[in-house]
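What follows is a set of notes on a single structure, which appears directly below.
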Amino acid sequence: MSSLLAGLVPASVLMAQPGGTLRRAAVVIGVNKCGGLPVLNAAVTGAESMAAWLGGEGFEVKLFVDKQRPVIGAEVGAGIKELVEHRELDQLVVYFSGHGFLTGFNEIWMLSGAPGDANEAVSLSECIELSRETPIANVVFISDACRSTADSLRSSRVRGQVVFPNDTNVSQVHTKVDRFLAARPGKASYEAAVEQSSRIYEGYFTEAFLEAFRRPDQEMVRTVGGLEVVPSRRLEAYLRREVPKRAQARSVTLQQEPQVEVVSGDDVYIGRASGAGYRGQSSEPPAPTIADVANLQLTRFGTDLRDNAFGSGGPAAIEPVTTLAATSGYLASQQSILRAPGPPQFETQTGVAVYGARLMRAAMKGSSQPELLTSGDGVANPALVRCRASWAPGSIALQFAEGTGTVLALLDGYIATVVVDEGGVSSVSYVPSQNSMWWDEYRYAKERVEALRATVATAARYGVFRIEGDERDRPRRASNLANTIRVLKRIDPSLGLYAAYAYAEADLLEDVKSVERYMLEDLRTNLFDVAMLSGMLNDRQWARLSMTSADREMVVPFCPMLTQGWGRLRTRNVRLHPAIDQARDHLRNALWTTFTAEGMRLIFDALLREGG
């Protein structure tokens, strides 16, 4: 059967935990078969191994596997709800092994009925967000799944379920959410499509994770409450070393880089060191990751997002990082943004310039429409759109020659500069026009602004623009980031937008609200994404494409500008215009919201219906 309740662990096991009163539980999911996707071999066995180990560590375990019957989302949700609401837990672990994919930066775990049933999946990103509202001190998500991309309309329509309870009662517990993911998000060119994925990550991550407790490096072990344990914070270096090693043992061309984000303190752990013999202190340097590439670049601007393992040892120490930047495609992505020469100054107070794609259409709500001066050539000569200053702030829809397009905020006194790369919008910047009060300030800081923007945009594109560390490190790093962009975000509001997402991901709500205040003061408007992240849009439904908040400040545009924002709407109960919500099924995988031709048709039809 699909679920097994292991039951309450013996009191003697619980008493072995620090203080003798820790209450811990786990929900473990393993799905070998879903829809027409390749049948997996190790998902169920991996889940069973994880469940057995967690049970031995004092966890009450609920196991869901598809050995005899399908794994059903409602049953998983009911199991988590029971644990959250009736166990008064100190720690909850949620493990999944099976097919996974990304749709618009939102991570989906496929259950047995997916993708045929769009609801028979788990929306990991939304579950992480709701888990922060539980009264549980530490929630841990462990995912041994591919993170490939949706490659068909059927897959992109799978939004999945939120299997954590949506409790409106505010918990007094500041929940720390840790994540252990088997692979980093697909590269900008993406590694594998869902329908083609053959589970190249099969079993390696789970095996390495369990082995970290059976034979840890000596420096990983710490005594907590009289027990020798492996704190969660000390797992990253081990997994970064061992997971690629296991993958390459099968094939030298097989690359697998886990993504680990731990915010809990050094006394928080999942399991004990087994005592079967520790390894000596590892002499192997940690393999650099894309996060290290981004962090090293950001240190040159006086800020950092994570522990710096490579920047303090001179040129020899950073050589592996610079090599990875070149071989991974990261540097090429960054250069594609830097190559865009910035908006040409043409006679307008407010406008749009597009590089990398020919522009066929630009439209706004109302009878007066923006003026398409030139469609551009998709290479060096940009498309140019002139808008009347009286229309800003507002929302503008842009459609490229191949039919895809985007929706952006139109800001008074700024030229929105759009870079299209590989069919998606990879960068948007807001540069003051020559008629703007910020023009002289921009000219003075132009080189620094453009370099920082390219650095931040590329890090965000690769999913590594995240503030890491424990509750001491994250506020410090957030403050450093704020100081770095404090003046520059007035010159280019997109920097404030990126920062707001980094703050929200690190659960630093006051920093998000600080970005919101600056936008209301300097721009006389609020960007949709920032208003959503701050909570301003909670429980709101927009019947029309114009958005005005309770304090009469305009919110633009009428949907998230960064693709990752679409995965945050449901947990905040933000309901878009029906046509825009329908267009969500036609998002492309890009950093900035990019719709397919069908999605743009829905948007233009909605704009036309609300014209006049």
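The values are calculated or read from the model by the stated rules, or taken from the named source; none is laboratory data. As the structure is a computational prediction, the values presented were derived from the model and not from experiment. All Cβ positions, glycine included, derive from the backbone under ideal geometry; neighbour counts span all protein chains shown. Ligands, DNA and RNA are excluded from the accessible area calculation, which covers all protein heavy atoms including side chains. Shrake-Rupley method; radii C 1.70, N 1.55, O 1.52, S 1.80 Å.
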For this session: Could you please find all residues in the range 580-603 being assigned to a helix (DSSP H, G or I) and open to solvent by 10 Å² or more (accessible area, probe 1.4 Å)?
Result: D581, Q582, R584, D585, H586, A597, E598, R601, L602
For this session: Taking R272 as meeting all but one of (1) among the basic types (K, R); (2) surrounded by 15 or more Cβ atoms within 10 Å (Cβ to Cβ); (3) modelled with pLDDT under 85, write down the number of the exception.
Result: (3)
For this session: Look through L384, L410 and report the one residue that is open to solvent by less than 20 Å² (accessible area, probe 1.4 Å) and either farther than 21 Å from C559 by Cα or not β-branched (V, I, T) (or both).
Result: L410
Exercise. Does the range 476-499 contain any residue that is closer than 23 Å to E450 by Cα, basic (K, R) and modelled with pLDDT of 85 or more?
Worked result: yes
Problem set entry | Condition check for T322: closer than 30 Å to D473 by Cα, surrounded by fewer than 22 Cβ atoms within 10 Å (Cβ to Cβ) and modelled with pLDDT of 85 or more | yes
For this session: Only strands (runs of 3 or more DSSP E) wholly contained in the range 348-445 count here; list those with 2 or more residues that are farther than 17 Å from D492 by Cβ.
Result: 359-363, 371-374, 383-387, 394-400, 405-410, 414-421
For this session: Run down A606, A531, A543, A590 and say which single residue is at pLDDT below 90 and more than 21 Å from S426 (Cβ to Cβ).
Result: A543
For this session: List the number of the failed condition for D117; all other conditions in (1) assigned to a loop (DSSP other than H, G, I, E, B); (2) buried (at least 23 other Cβ atoms within 10 Å of the Cβ); (3) among the charged types (D, E, K, R) hold.
Result: (2)
Exercise. With (1) more than 20 Å from R443 (Cβ to Cβ); (2) open to solvent by 20 Å² or more (accessible area, probe 1.4 Å); (3) modelled with pLDDT under 90; (4) not hydrophobic (A, V, I, L, M, F, W, C) as the list, and Y330 as the residue in question, which single condition is left unmet?
Worked result: (2)
Seminar exercise, completed: Across the range 120-164, the tally of residues that are open to solvent by 20 Å² or more (accessible area, probe 1.4 Å), in a loop (DSSP other than H, G, I, E, B) and modelled with pLDDT of 85 or more stands at 6
Exercise. N41 is checked against (1) within 17 Å of S143 (Cα to Cα); (2) in contact with a strand residue (DSSP E or B) (Cβ under 9 Å, 6 or more places away or on another chain) and fails just one. What number does that condition carry?
Worked result: (2)
For this session: Select from the range 411-451 the residues that are hydrophobic (A, V, I, L, M, F, W, C) and either more than 28 Å from the chain's Cα centre (by Cα) or over 24 Å from L562 (Cβ atoms) (or both) and list them in ascending order.
Result: M437, W438, W439, A445
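Any residue that is of a type in the set (V, I, T), surrounded by fewer than 24 Cβ atoms within 10 Å (Cβ to Cβ), over 23 Å from T563 (Cβ atoms) and more than 21 Å from the chain's Cα centre (by Cα) - is there at least one of those in the range 490-511?
Taking every residue of the range 490-511 in turn, none turns out to be of a type in the set (V, I, T), surrounded by fewer than 24 Cβ atoms within 10 Å (Cβ to Cβ), over 23 Å from T563 (Cβ atoms) and more than 21 Å from the chain's Cα centre (by Cα).
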Exercise. G356: open to solvent by less than 10 Å² (accessible area, probe 1.4 Å), touching a helix residue (DSSP H, G or I) at 6+ places or on another chain (Cβ under 8 Å), of a type in the set (G, A, S) and at positive phi, yes or no?
Worked result: no
For this session: Give me the pairs, please: first residue somewhere in the range 217-233 and modelled with pLDDT under 90, second residue anywhere and among the polar types (S, T, N, Q), beta-carbon distance under 7 Å, and either six or more positions apart or on two chains.
Result: D217/Q281; D217/S282; Q218/Q281; E219/Q281; G225/Q17
Exercise. Within the range 470-479, is there a residue that is within 26 Å of A357 (Cα to Cα) and open to solvent by less than 40 Å² (accessible area, probe 1.4 Å)?
Worked result: no
